[in-house]
Structures are given as C-alpha cells and as structure tokens.
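Enquirer: Encoded as structure tokens, here's the structure I'll be asking about.
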Amino acid sequence: MEGISKGNKRYNIICLDDDRIFLKSLKMFLGNRIIRDEPYNYNFLFLDSPLKAIRIIDNLVEDKQEIALVMSDQVMPQMQGIDFFRQTKNKIPESVRILLTGQAGMGSALSAINENILDKYLTKPIKDLDDLVVTIRHLLNEYQLKRQLDAQHKFIAGLYEFGNFLNAQTNLAMILEQTLAFTCQALECSRVSIMLLENGNLTLKAARGIPKDILKHMVAAIDAGVATRVLKQQEAILVQDIDQVPWLTRKINQEYKSFISSPIIYAGLNALKKPLGIINATNKIDNKPFDEDDLKIVNFISSTASIAINNQQDRYRLEQNYLNTIDALSLALEARDPYSRGHSFRVMKYAEAIAKNMKLNNGERNLLKNAAILHDVGKIGIKDHILLKPDRLTPEEMLQIREHPKISEAIILPISFLKEAGRIVRHHHERFDGAGYPDQIKGEKIPLPARIMAVADTYDAMTSNRPYRQALSADAALRELENNAGTQLDPGCVESFLSHLRRG
C-alpha cells in the first residue's frame, strides 16, 4: 500500500540550534540512539543557521523527500525559532515541529501551539537526553501512525473510486487499462498483465511494463504452469521466491523472483462461479517480494474487475444479439418490399464517398456507415397497404410514413455503440431549409452525417424504380440534386457528391 512501507524510504529529521556545542551533543546522542533502534530509515540533519535550514527544507521539498520532524531552538541571532516555524509551516505541514525554549519563552510557545504552528515545546536546558530521545520517539511514532492511517484512507478512497469507475465503463479496453494502472499503483510494481479466457484459451489482453520481445515467451510460460493452477483451483498464488517453487520449472523472466497471479472470477446471483481470466503482477519497484497484504489487494482488484468485465461481456453479447435481430429485420423489410432491396447498401456507399471527399475522420465515417445501413429499418413498423402502395400516398398516409425515422431510432438506441447512429437516422429526412421531418430543424443544426445521408438517400431514391414511378437517369437525378441544394439539401454535401461523381 502506497506510503506505509518501512524499508528503503528515508525520513529526514532536522535539528536546528545556534549553540554548536549543544548541537554536537545532540548529534552524538540522538543520531546513534534513534537510527540504531528505530525500524524506519531516519536521516538526521544538524544545522546551526535558520536561513540555511530554510534552504535545505526547500530543496528537500522540491526533491519530494519527507521531513518527519523539525526541532529548533527559540533564541537564535538570525531568526527566532517561532518565526522560523511560521515561515516553514506551509512547506512541511505534516512534519512534527518541536521548539526548545527557556522559561521566559513558554508563553509564546503556548500561543504558537494554539495557532497550530508548533506541536510541542521543551524547556531548556535539556538535563536528560534520554528523556529527549523518549519524547522524539513518541512523536515519530505518532507521525508514522498518522502516515499509515492517511495512506490507508487514501487507498480505501482509491478502491471506491476504482470500483465506481469500472462499473460505469462499457468499453473493455478502458476497463483493462484502468485495472492495470490501479494495480501498478496499489502494489508499487512495474509489471502487470491481464489474460482473459476466449474459446477455452487464455489470451493476453492488456499489459504494462512488459517488453514486446518477451511477451510471447511470457504468455507461453504462464499458460504452461501458473495460469492453469490459478484457474483450476480458483485461488490466487503468491510466490515470494520463484526459486523455492518446485513445480515452477519454467521461469517467465530472470529479472524477478516474486509474483502474484490472481483469478478473475465472476460470482453471479446463482452462486455459480464463472472464470474470466487472471491478473499477474511482478517486479515490485523496491525489489522486495510481494506479501500477504499485496495478495489481499490483488484479490480485491480482480474481484472488482470481474464484475465490470462480466457486465461488459454480457452487454456485448446482448448487443450483438440485438444487432443480429436488426439485421434480420432489415432483411425481412427487403423481402417484404422488393423496391427497397439493396437501397440501404447503396446509400451507405454513396454516403461513404461523400464523407471521404469531405475529409471526415475514420470514426465519423464508421458512424455514418452504421447509420446508413440501418436508416430505414423503422419501415418494418409501417403497414403493408401504405409501404407497398402502388400509387402516391395520401397526406394521412404520408404522416405515417414520416414516423419511420423515429421508429428506426427507437429500434437502434438500445445498442450503446449505435446511439449516435440512432440520432443521425432520426434526422436523415430533415431539410436544409427546416421544412423536413420529424423535428423541422434546419441548416447546421442538422448533424453533418445526417445531411450527407440525405443527399445519398435522395439520389438513390430518384435513380431507383418505385411502384408509382420509373427511376430517373443519373444525369436527371444530378440536376435535381443541384436544383434542391440550399432548400432540401446541404449545398456543401451536394457539391462533394457531384465532385466525387465527376472524378468517376
């Protein structure tokens, strides 16, 4: 957990006093006693100048080094001790601050404590340095305990945010990337990988800190030993020394000796466990082995990720099934109305050509492609005697036909990755002059992909046979497009389509 390890992190202690003899005594006594007995890595700095001490504090803060405790004399030529603490308080707000003062300065010291400038004061002269060691140790223990509690609170808050973020995601790549990032941060490790089950095989889906030249080797090694055990036993494996594991005959990488592999298992409401994959973590930044606390963290992460991954996979399957249903509806519509056969495909090709000519990006072009294929699916909700009528429609029948963009949108909207396509489909019969349907919006308020599709749809409708009229020739249809530019159609989209056709 970030910030609570004891080992290699260094904590600075600053002792400031202009009395060099007293400072020398502190150096001989405090340094040896506290450095020898404490489990933390403390570094003492004994200074005789407040100005120098301020410069050193600035440098330590800039280097992001922690200052655990600062002890200063009150009476010094360059600056009073309380004034020194006033200047440095905001630079090192978490540090313990002790003032050494004579009896005459006790009132000022108490006021400084009440103002939260000091944590404690001690009266001089210091008669027993053993008492001073006990006091400093006690304050350092409080400092370390506060650090640990703060780190734990921060970590718990991070877990909460991590879970909320994953549960809000519908994109698998984002779920995996956030899981990698959080695992690296929480475990303070440099290498994490996620493998998911696909068709009975584990596939590496996401990784951090793994060179490309060893990816293949790493996958083979994990697949051959660790992953099989983790998934079969549905239990995480913690290895603190890879050389002490007899069954692990193949080494993934010679650079590390400790790793954790945790199963990603979704436990549904029916109590059945569904294995989804595994998370592997290696290479702690400080080269220490992973421990039981790290194992608990990885298990929590894998449990949280399992919910998001399972939800995404279920959503994907549901959307694919729904999309297959829409495709079936489109085929049923074409079988029902022979005059619409191939219409959506041709509209898609024309719209793609216009979009390419207008230099739309790949994402916008894919969006337009999906919208074009599905733009008339709502006609499945129009009755046969209207949809297949061989004569021109009555005004009442036209009102019903004009419902099909809204019906198409309603059919498409449940598919999350097609929601924007649904909005385009809704507006593909709007007119540039605002006289279209269903919302009578005009000009650039109509989404550009819908304006493009309107040109493609109009051209294909004019060049296709209808029950009540014969198809126009290509030249006649192009003249109609030009005549309707600025009224029914966006002039820019018409010009892009004409430019495409002129180039052949």
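The values are calculated or read from the model by the stated rules, or taken from the named source; none is laboratory data. The shown structure was predicted, so the numbers you read here are calculated from the model rather than taken from an experiment. Here the Cβ is made from the backbone with ideal geometry for all residues, glycine too, and neighbour counts use every protein chain on show.
Enquirer: When you check residue 359 against the structure, is it modelled with pLDDT of 90 or more, more than 30 Å from residue 158 (Cα to Cα) and in a loop (DSSP other than H, G, I, E, B), yes or no?
Expert: yes
Enquirer: So which pairs qualify, if the first residue must be in the range 471-490 and under 18 Å from residue 346 (Cβ atoms) and at pLDDT 95 or above, the second must be crowded, with 18+ Cβ neighbours inside 10 Å and among the basic types (Lys, Arg), the Cβ gap must be under 8 Å, and the two must be at least 6 apart or on different chains?
Expert: 489/431; 489/451
Enquirer: Can you confirm whether the range 410-420 contains a residue that is in contact with a Gly (Cβ under 7 Å, 6 or more places away or on another chain) and either assigned to a helix (DSSP H, G or I) or among the small types (Gly, Ala, Ser) (or both)?
Expert: yes
Enquirer: Show me the strands (runs of 3 or more DSSP E) found entirely inside the range 24-104 where at least 2 residues are under 21 Å from residue 9 (Cα atoms) and at pLDDT below 90.
Expert: Where strands (runs of 3 or more DSSP E) fall fully within the range 24-104 and carry at least 2 residues being under 21 Å from residue 9 (Cα atoms) and at pLDDT below 90, they are 41-47.
Enquirer: Filter the range 111-157 down to the residues that are assigned to a helix (DSSP H, G or I) and among the hydroxyl-bearing types (Ser, Thr, Tyr), then identify the one that is farthest from residue 12 (Cα to Cα).
Expert: Only one residue tops the list, namely 111.
Enquirer: While we're here: If residue 353 meets every condition in (1) closer than 25 Å to residue 474 by Cα; (2) surrounded by 21 or more Cβ atoms within 10 Å (Cβ to Cβ); (3) in contact with a helix residue (DSSP H, G or I) (Cβ under 6 Å, 6 or more places away or on another chain) apart from one, which number is that one?
Expert: In the conditions (1) closer than 25 Å to residue 474 by Cα; (2) surrounded by 21 or more Cβ atoms within 10 Å (Cβ to Cβ); (3) in contact with a helix residue (DSSP H, G or I) (Cβ under 6 Å, 6 or more places away or on another chain), residue 353 misses (2) alone.
Enquirer: Taking residue 296 as the residue in question, decide whether it is in a helix (DSSP H, G or I) and within 28 Å of the chain's Cα centre (by Cα).
Expert: Considered against the rule, which asks whether it is in a helix (DSSP H, G or I) and within 28 Å of the chain's Cα centre (by Cα), residue 296 comes out as yes.
Enquirer: Does the range 170-189 hold any residues that are surrounded by fewer than 16 Cβ atoms within 10 Å (Cβ to Cβ) and not acidic (Asp, Glu), and which are they?
Expert: Correct list: 170, 171, 173, 174, 181, 185.
Enquirer: If we keep just the residues of the range 381-404 that are touching a Pro at 6+ places or on another chain (Cβ under 9 Å) and farther than 17 Å from residue 330 by Cβ, which is modelled with the lowest pLDDT?
Expert: 390
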